[in-house]
Amino acid sequence: MFKLVINEERCKGCRLCVEECPGKNLRLSETFNKRGHHYIEILDEKECSGCQRCALICPDIVIEIYRSFPKESNGETNNEPEVKRET
């Protein structure tokens, strides 16, 4: 499972990431950021394959992708994911 973090205020809505996403899981929002641009948003985070194409093509580096791991406590797995930065 992957977690996308999008810096909505820095996004200028160029759509490069939307076109690059193989799962067509990104779109432009209907609302504007403070700079007056439509920013990107993810449709369904569970469908993200973590391919990083969106983050690599983004000229303004507004997308960060993290791999989620289940937290373990006393040998058991709970439902809260632990987020680790993908390098």
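The values are calculated or read from the model by the stated rules, or taken from the named source; none is laboratory data. Predicted model only: the values in this text are computed from it and were never measured. Every residue, glycine among them, receives a Cβ derived from its backbone with ideal geometry; neighbour counts consider all protein chains shown.
For (1) at pLDDT 95 or above; (2) on the phi > 0 side of the Ramachandran plot; (3) surrounded by 12 or more Cβ atoms within 10 Å (Cβ to Cβ), each residue gets a yes or a no:
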position	(1), (2), (3)
K12	yes, no, yes
L28	yes, no, yes
G36	yes, yes, no
K71	no, no, yes
P81	no, no, yes
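Being acidic (D, E) and surrounded by 13 or more Cβ atoms within 10 Å (Cβ to Cβ) is the filter here, so list the residues in region 38-54 that pass it. Correct list: E41 only.
Filtered by the rule that a residue be in contact with a Ser or Thr (Cβ under 9 Å, 6 or more places away or on another chain) and acidic (D, E), region 22-47 gives a lone residue, E41.
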